[in-house]
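Down below is the structure, laid out as structure tokens.
The values are calculated or read from the model by the stated rules, or taken from the named source; none is laboratory data. Bear in mind the structure is a predicted one, so any value in this text is a computation, not a measurement. A quick note on method: Cβ atoms are made from the backbone with ideal geometry, for glycine too, and the neighbour counts reach across all protein chains shown. The accessibility values were calculated without ligands, DNA or RNA, using every heavy atom of the protein model including side chains. Shrake-Rupley method; radii C 1.70, N 1.55, O 1.52, S 1.80 Å.
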Amino acid sequence: MEHKDLRNTFGLAISEQKAGKLEAAEKLYESILEYFPDHSDAKHNLGIIAISKNQYSRALKLFSDVVKKKSNVEQYWVSYIGTFIKLGDLEQAEKYYLEILTKDFANETLASIESAIRAKRGKLESGKAGRAEIQDLMDIYNRRDFLAVIRLGKARVKELTGAYEIFNLM
């Protein structure tokens, strides 16, 4: 694949993704990565698609790769930390949030991430998320993303000690 073809393929992949044709976009991004394995935007967009398919382990791996390669791109960090927040793994979210505080990112981005962490913590501490969190965990388990189940389950055990379903899934 030549660079001209790369631009065309990437543009088409973005169009397909925006149109909701995620399978087609996914195939196009994967074809880009066959020829350009370090293409950060293709990896990042695959991660976004993975999240929409509840493939959190895959998304985290893709996001981890892109933040290591291009640690100065705000959106990569927002997606990476946002995935940890969605999974309720606030320890990891906070760890990476502290890491990006040293970067020259927009104050709005930092405030948004901090706010999302606080909101998630508030839900967990108030118990409002209990049943919904367990249902999310069951949905992820049913999609066979077992690494995400373990990560999410470990994060939930402390907050939802009376929820025997977590232990059954793990």
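Note down the relative contact order for segment 24-70 as a percent, whole number, built from C-alpha pairs under 8 angstrom at least six residues apart. Mind dumping the intermediate values first?
Details: 35 pairs, mean separation 15.4, N = 47.
Computed value for segment 24-70: 33 percent relative contact order.
Which whole-number value in Å² is the accessible area per residue of segment 3-116, probe 1.4 Å? Working shown, then result.
On the way: 5970 Å² over 114 residues.
Spelled out: the 1.4 Å probe surface of segment 3-116, per residue, equals 52 Å².
Keeping every protein chain in place, order Phe10, Phe105, Phe146 by accessible area at 1.4 Å, biggest value first, i.e. largest first. Write out the running numbers ahead of the final one.
Details: Phe10 40, Phe105 20, Phe146 85 Å².
My answer, sorted largest first, is Phe146, Phe10, Phe105.
Going highest first, how would you order 45-52, 12-19 by mean Cβ packing within 10 Å?
On the way: 45-52: 21.0, 12-19: 15.5.
The packing order, highest mean first, is 45-52, 12-19.
Ordering Asp145, Asp104, Asp41 by accessible area with a probe of 1.4 Å, largest first, what comes out?
Details: Asp145 20, Asp104 150, Asp41 70 Å².
These residues rank, largest area first, as Asp104, Asp41, Asp145.
Quantify, in whole percent, the carbon and sulfur part of the accessible surface of segment 65-127 (1.4 Å probe; protein heavy atoms only). Could you put the intermediate results ahead of the total?
Working: 1620 of 3490 Å².
The value for segment 65-127 is 46 percent carbon and sulfur by accessible area.
Cα-Cα over 26 Å: which of Lys18/Lys86; Lys43/Lys95; Lys18/Lys61; Lys27/Lys61; Lys18/Lys123; Lys68/Lys95?
On the way: Lys18/Lys86 22 Å; Lys43/Lys95 22 Å; Lys18/Lys61 23 Å; Lys27/Lys61 18 Å; Lys18/Lys123 31 Å; Lys68/Lys95 15 Å.
Pairs exceeding the cut-off: Lys18/Lys123.
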